[in-house]
Number of protein chains: 2
Amino acid sequence: MASARRPERDPTRPVYVISVAATLVEAHPRTLRIYEDEGLVCPARTPTNIRLYSEEDIRRILWIRHLTRDRGVNLAGVRTLFELEERLGKRILEALYDEGTREHGGDRESRAATAATPRPADDPEPSR
Amino acid sequence: MASARRPERDPTRPVYVISVAATLVEAHPRTLRIYEDEGLVCPARTPTNIRLYSEEDIRRILWIRHLTRDRGVNLAGVRTLFELEERLGKRILEALYDEGTREHGGDRESRAATAATPRPADDPEPSR
DNA sequence: AGAACCTTGACAATGGCGTTGTCAAGGTTT
DNA sequence: AAACCTTGACAACGCCATTGTCAAGGTTCT
């Protein structure tokens with residue numbers, strides 16, 4: 001255990017460089033840059049222009065991965081969905097998970113991204 | 001008798017065979033069958049299995065055309081959007097049209113009444 | 001300083017999808 | 001019978017998503 005409270009773990013805080021972020025979401029760094037070019041993710045930058053992804057950015061990318069890989073939605077569809085979400089001001093995308101979870105048990109890695117982090121997975125400190 | 005003097009022109013009433021429907025939406029009949037195979041449109045059938053599209057079906061197809069052609073969304077994206085719309089129970093897609101037209105209106109509740117679709121030409125008189 | 005990583009930009013390959021189009025063999029409508 | 005519908009198959013064109021690499025240069029860490 002020893003996982004005491006960590007109130008200062010701000011999910012908006014930019015912490016991961018692109019290589020780490022790519023590992024976290026299981027994608028190529030190239031892909032993350034494409035997502036940014038497409039306006040789907042906007043990672044922060046260091047004063048010297050290095051991308052830094054926050055926990056929220058990671059979660060957003062995981063949404064993109066889910067929509068594209070599992071649902072076959074293309075980036076234009078993702079953009080439209082995000083736009084809709086922004087316009088309606090809600091996390092409307094979560095409604096999509098009422099279906100994928102109540103399936104026959106042939107699923108591995110059941111994703112439980114209901115309203116919170118799919119799996120906080122105590123992030124390893126990027127000590128390197 | 002047994003009919004209103006003014007034909008209500010029920011938008012759910014199946015009236016167009018596939019060739020006519022294809023003309024209305026400017027698509028190939030093949031495409032409409034694909035939409036049906038993908039579960040995006042469900043035209044009624046005559047007792048002898050002939051497809052009959054209603055006005056609502058036509059409007060739905062026009063949505064698909066708009067999303068795919070103008071926005072670049074693929075069919076998987078369209079399906080997700082429709083699913084979301086069904087799940088949230090409203091015509092959420094109309095929110096997508098507030099983009100190109102309005103920007104900084106300043107009014108609180110004036111677009112609720114004008115819920116019509118600007119682009120796909122909701123023609124009340126199909127006199128083709 | 002040097003190694004390791006980041007930056008943008010370009011180019012390419014692979015695989016998949018959207019759409020249109022056609023052919024066949026048969027049913028329906030007029 | 002002619003014209004239209006049905007399903008199913010096959011194909012082609014062009015676009016897209018993703019991964020990958022190369023180059024030339026900036027940043028960070030040891």
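Each value in this text was obtained by applying a stated rule to the coordinates, not by laboratory testing. Computed from a predicted model, the values in this text were never measured in an experiment. Reconstructed Cβ throughout: ideal geometry from the backbone, glycine too, with neighbour counts over all protein chains shown.
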Worksheet entry | Index of the failed condition, A:Thr68 passing every other in (1) within 9 Å of DNA strand C (Cβ to nearest atom); (2) in a helix (DSSP H, G or I) | (1)
Fill in: Meets criteria (within 14 Å of another protein chain (Cβ to nearest Cβ), under 26 Å from B:Glu94 (Cα atoms) and near DNA strand D (Cβ under 9 Å from one of its atoms)) for A:Ile64
yes
Practice prompt. Name every residue in the range B:75-95 that is touching a residue at least 24 places away in the same chain (Cβ under 8 Å) and over 19 Å from B:Thr31 (Cα atoms), in order of residue number.
Written response: B:Arg91, B:Leu93
Discussion item. Looking only at residues that are within 8 Å of chain A (Cβ to nearest Cβ) and under 14 Å from the mean Cα position of the chain (by Cα) in the range B:80-99, which one is farthest from B:Asp10 (Cα to Cα)?
Written reply: B:Leu81
